[in-house]
Every structure is written in structure tokens, then in C-alpha cells.
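The values are calculated or read from the model by the stated rules, or taken from the named source; none is laboratory data. Remember, predicted model here, so these are calculated numbers, not experimental data. Using ideal geometry, Cβ is built from the backbone for each residue, glycine included, and neighbour counts are taken over all protein chains shown. With ligands, DNA and RNA removed, areas are computed over all heavy atoms of the protein, side chains included. Shrake-Rupley method; radii C 1.70, N 1.55, O 1.52, S 1.80 Å.
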Amino acid sequence: MDKEEIRTVLFSRGFTKKESAFIAHWIEKEGVSYIVILRQLRRAFLGGVFLRLLILAFCVVSYINDGVDSFYGIIFVGVFSFFVLEIFAPFKVGAKIFLNYNKIINQLDL
């Protein structure tokens, strides 16, 4: 399939032009196909979810063990890490890919 057909499939699944441009940018940067990038972004989303759950568990355990004494420090670490993870694992695009991955693959007939 050519790029325009793939973009049409992405638009039909709710992707915006900005998200499509983001995916196209990574395709050019990595030099791989759309399917490889979709798989990588899906894995990055799952990894980001796992790391966020790990950070949340750390914050909850720290709060339970330390009490209110270090509450603001725990909140700072939690919020900061969530923003850093958003940079390294684009959640919005990854979530759309994760939710629509099978439908996108079926429409692409791969």
C-alpha cells in the first residue's frame, strides 16, 4: 500500500493530521515501514503504562511508609515522572494505536 492509502486508514480510525505527521516523521527518521512504527509505538505505550503503574505504586508505598512528612516530595516525583514519560512514550498516539491496532492491520490487509 502507498502512503496515502495508509493515511486514509489512519484518518478513518480517528487519527488527526498532527498524529499522522508524527508517525510519518518517525518513519522517515527510523527508515522503516508503517507497520513497524505502529508496533513500536504500541510497545512504547504498553511500556509507559507499566512504568506509570510502577511509579504510582512507589508513590503509594512511600506515602504509606512515610506518612504526611514527605507528601509534597512524593507528589513532585510522581508528577515529574509522568511528564517525562509523556516525552519518551507518546501516550495519546500510542493509546489510539493500541486500541485500533487490529482494525488498522485488517484494513491494510497485511
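Here mean projected area of the Cα convex hull in nm² was computed from the coordinates, and among (i) 7.6; (ii) 11.1; (iii) 16.1 the match is (i).
Counting charges near Leu41 (Lys, Arg +1; Asp, Glu -1) among other residues having Cβ under 15 Å from its Cβ returns a value of +4.
In the chain, the calculated helix contribution to ellipticity at 222 nm averages -29000 deg cm²/dmol per residue, counting -39,500 (n - 2.57) for every DSSP H run with n ≥ 4. With a cut-off of 13 Å between beta carbons, the residues surrounding Leu51 carry a summed charge of +1, where Lys and Arg count +1 and Asp and Glu -1.
Might you tell me the accessible area per residue for the range 14-63, computed with a 1.4 Å probe and given in Å²?
62 Å²
Charges were assigned to the Cβ only: +1 to each Lys and Arg, -1 to each Asp and Glu. The resulting dipole of the range 37-100 about its Cα centre is roughly 560 debye. For Lys103, the lysines whose Cα falls under 24 Å of its own Cα, not counting residues fewer than eight places away in the same chain, are Lys3, Lys17, Lys18, Lys92. Karplus-derived 3J(HN,Hα) values for the range 77-84, using 6.51 cos²θ - 1.76 cosθ + 1.60 with θ = phi - 60°, are 4, x, 5, 4, 5, 5, 5, 5 Hz; glycine and proline are entered as x.
Return the single residue from Gly47, Gly31, Gly78 with maximal mean-square fluctuation; model: Gaussian network over the chain, springs between Cα atoms under 10 Å. Largest GNM mean-square fluctuation: Gly31.
Converting phi to 3J(HN,Hα) with the Karplus coefficients 6.51, -1.76 and 1.60 and the offset θ = phi - 60°, the range 40-49 yields 5, 5, 5, 5, 5, 5, 5, x, x, 4 Hz in sequence order, with x at every glycine or proline. Of Leu38, Leu99, Leu85, which has the largest mean-square fluctuation in a 10 Å C-alpha GNM of the chain? Evaluated over the chain, the most mobile residue of the options is Leu99. Dividing the mean sequence gap of close Cα pairs (under 8 Å, 6+ apart) by how many residues the chain holds gives a relative contact order of 40 percent.
About its Cα centre, the chain has a charge dipole of approximately 280 debye under the convention of +1 per Lys or Arg Cβ and -1 per Asp or Glu Cβ, with nothing else charged.
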